[in-house]
Amino acid sequence: MGPLVDQRAVDSYLLFMGMAKREGIEEIMRGKQLQRGKPGHYVSPAIHVAKAFDHKSHFLVSEIFGPNCTFIPYDDIEEAISIANATEYGLASCLFTQDRSIYEKCVLEVESGLMNWNRSTCGASPKLPFGGVKNSGNYRPAAVAAIDACVYTMTSLEVTPAPQDSDLSSIKGLEL
């Protein structure tokens, strides 16, 4: 874990920490600004627990750029997928289960640019295409697939002019 990008990012992170409290979301570990010996914009990680998912909660439906983990209870995998898809964001998701069929269901149904199985969402591999969906990206992968999003295919067919004294009669399909 390292510093956030700038003081504005720290201020935004702290704003979300206060928002969670105002919305009645239980705070297990409070995110706060840290002072370190080296220059940087350091914050502590935060852990929250919501009683249930609430579409009206600004905290629960926002993309928080900082070390924050919020637990939301659910009864079955369909409800979990519904919660995951309820926001306008879809950068990355992860699923921890030993049941491959649940993982395969989530890969198909969770609206996310990345789905990790039994691995956190941190550290997406630069060897794989990666890009967010909805308001977390442009539905176009980056990394090794970025070239396809940045260029377009162009083709050319060339026929060099034949010298004047060439005998082209042996070429089939060509009428002179």
Debye-sum result for segment 46-89 in log10 I(q)/I(0), which assumes one identical scatterer on each alpha carbon, at q = 0.22, 0.30 Å⁻¹:
-0.78, -1.30
Could you work out the equivalent-ellipsoid semi-axes for segment 2-67, taking the square root of 5 times each eigenvalue of the Cα gyration tensor, largest first, in whole Å?
24, 12, 8
At what distance in nm do the modelled label points of residue 122 and residue 30 sit from each other, each positioned 7 Å from its Cα along Cα→Cβ?
2.3
Which order do 160, 87 fall in if you start with the one that has the fewest other Cβ atoms within 10 Å?
160, 87
Fraction of beta bridges assigned by DSSP in segment 1-73 that are antiparallel (%, nearest 5)
60
Could you pull out every residue, at least 5 positions away or on a different chain, whose amide H is within less than 5 Å of the one on residue 94? Hs are placed 1.01 Å off N in the peptide plane, and Pro or chain starts have none.
116
Which residues' amide hydrogens lie under 5 Å from the amide hydrogen of residue 70, considering only partners 5 or more residues apart or on another chain, with H built in the peptide plane?
48
If I model a spin label at residue 94 and residue 153 as a point 7 Å from the Cα along the Cα→Cβ vector, what separation in nanometres do I get?
3.7
For segment 60-66, in residue order, the Karplus 3J(HN,Hα) values (coefficients 6.51, -1.76, 1.60; θ = phi - 60°; whole Hz; Gly and Pro = x) are 6, 9, 9, 9, 9, 8, x
Please rank 54, 11, fewest neighbouring Cβ atoms within 10 Å first, as an exposure proxy.
11, 54
With a cap of 12 neighbouring Cβ atoms within 10 Å, and only residues DSSP puts in a loop, list the trypsin sites (Lys or Arg not before Pro) found in segment 5-72.
36, 51, 56
If you plug each phi of segment 83-95 into the Karplus form 6.51 cos²θ - 1.76 cosθ + 1.60 with θ = phi - 60°, what whole-Hz ³J(HN,Hα) values come out, in order, with x for Gly and Pro?
5, 4, 8, 6, 9, 8, 10, x, 6, 8, 9, 9, 9
For residue 41, the residues 5 or more places away or on another chain with a placed amide H closer than 5 Å to its own amide H are 4
Which of the chymotrypsin sites (Phe, Trp or Tyr not before Pro) across segment 1-91 are loop residues per DSSP, with 13 or fewer other Cβ within 10 Å?
65
Set the Förster distance to 30 Å, then compute FRET efficiency between residue 12 and residue 74 from the Cβ-Cβ distance, nearest 0.05.
0.65
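Quick note: the coordinates plus some simple rules give every number you see, no bench work behind them. Predicted model only: the values in this text are computed from it and were never measured. Reconstructed Cβ throughout: ideal geometry from the backbone, glycine too, with neighbour counts over all protein chains shown.
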